[in-house]
1. Hey, any hits in region 123-133 for a residue that's within 30 Å of residue 33 (Cβ to Cβ) and either surrounded by 10 or more Cβ atoms within 10 Å (Cβ to Cβ) or at pLDDT 70 or above (or both)?
2. Please work out which residue is farthest from the chain's Cα centre (by Cα), limiting yourself to region 25-63 and to residues that are in a helix (DSSP H, G or I) and surrounded by fewer than 18 Cβ atoms within 10 Å (Cβ to Cβ).
3. How many residues are surrounded by fewer than 20 Cβ atoms within 10 Å (Cβ to Cβ) and not hydroxyl-bearing (Ser, Thr, Tyr) if we restrict to region 65-82?
4. Give me the residue from region 1-21 that is among the small types (Gly, Ala, Ser) and without any contact (Cβ under 8 Å) to a residue 24 or more places away in the chain and, out of that set, farthest from residue 52 (Cα to Cα).
5. Which one of 25, 57, 36, 13 is out of contact with any Lys or Arg (no Cβ under 6 Å at 6 or more places or on another chain) and under 21 Å from residue 123 (Cβ atoms)?
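The values are calculated or read from the model by the stated rules, or taken from the named source; none is laboratory data. Here the structure is a predicted model, which is why all the values come from computation and not from measurement. Every residue, glycine as well, gets a Cβ built from its backbone with ideal geometry; the counts of neighbours run over all protein chains shown.
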Amino acid sequence: MSISSFSFLETEFPILFNIGQAAEFNLHQDPVTCLFKLRQFGKRLTEYLFEEHQLDFPYDNWLNNRIKSLELEGVIPSQVKDLLNSIKHRGNIAVHQNKASQKDAEVLLFDIFKIEFQYQSLKAKIDQLPHTVLAKAFRGELVGQKMNEYVREVEELGMVAENVVDNKSC
């Protein structure tokens with residue numbers, strides 16, 4: 001198998017890497033399996049996000065309820081919620097009706113790659129922030145001008161990550 005676009009996940013998130021790689025592998029030969037794997041990816045990604053943010057899983061622990069909870073908690077923006085819902089919907093059709101188009105599989109595979117790459121890029125940048133800054137933020141000590149400076153720095157890091165993702169699509 002050739003190098004996966006999801007190779008950056010292999011060390012820290014081997015399950016996501018394996019699922020993403022399987023989706024890529026099946027893209028051209030079996031779009032149904034590709035969409036099924038993307039749905040698995042979305043499901044596992046939401047589990048990681050709940051664990052990372054130390055959130056309680058919903059009582060009815062369905063993917064749909066996880067997606068809603070993650071958006072309500074401010075963990076994912078509406079664009080990511082929409083993508084996860086699209087993956088869930090098209091993945092359900094693929095699994096239960098054995099229907100999928102290659103175009104849907106290509107678009108969703110690329111979109112999930114972009115989101116995961118952006119998340120990992122931002123996480124790496126945040127991990128590089130001095131621990132003293134993060135500690136102050138958690139204690140609520142970053143106020144006024146200092147807070148604005150740190151917010152600007154994090155936003156700039158986010159724009160850098162977005163540019164990396166946009167340039168990768170070319």
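1. The first filter runs over region 123-133 and keeps only residues within 30 Å of residue 33 (Cβ to Cβ), leaving 123.
Pick out the ones that are also either surrounded by 10 or more Cβ atoms within 10 Å (Cβ to Cβ) or at pLDDT 70 or above (or both) and you get 123.
Yes, region 123-133 contains at least one residue that is within 30 Å of residue 33 (Cβ to Cβ) and either surrounded by 10 or more Cβ atoms within 10 Å (Cβ to Cβ) or at pLDDT 70 or above (or both).
2. So the first thing to find is which residues in region 25-63 are in a helix (DSSP H, G or I), and the list is 25-26, 31-52, 63.
Subsequent filtering for residues that are surrounded by fewer than 18 Cβ atoms within 10 Å (Cβ to Cβ) retains 25, 44, 47-48, 51-52.
Values: 25: 19, 44: 10, 47: 11, 48: 10, 51: 14, 52: 13 Å.
Among those that are in a helix (DSSP H, G or I) and surrounded by fewer than 18 Cβ atoms within 10 Å (Cβ to Cβ), it is 25.
3. Number of matching residues: 11.
4. Initial filter on region 1-21 (among the small types (Gly, Ala, Ser)): 2, 4-5, 7, 20.
This time we only want the ones that are without any contact (Cβ under 8 Å) to a residue 24 or more places away in the chain, so: 2, 4, 7.
Details: 2: 31, 4: 25, 7: 21 Å.
Filtering first and then ranking leaves 2.
5. Working: 25 fails: under 21 Å from residue 123 (Cβ atoms); 57 fails: under 21 Å from residue 123 (Cβ atoms); 36 fails: under 21 Å from residue 123 (Cβ atoms).
Within the list 25, 57, 36, 13, the selection yields 13.
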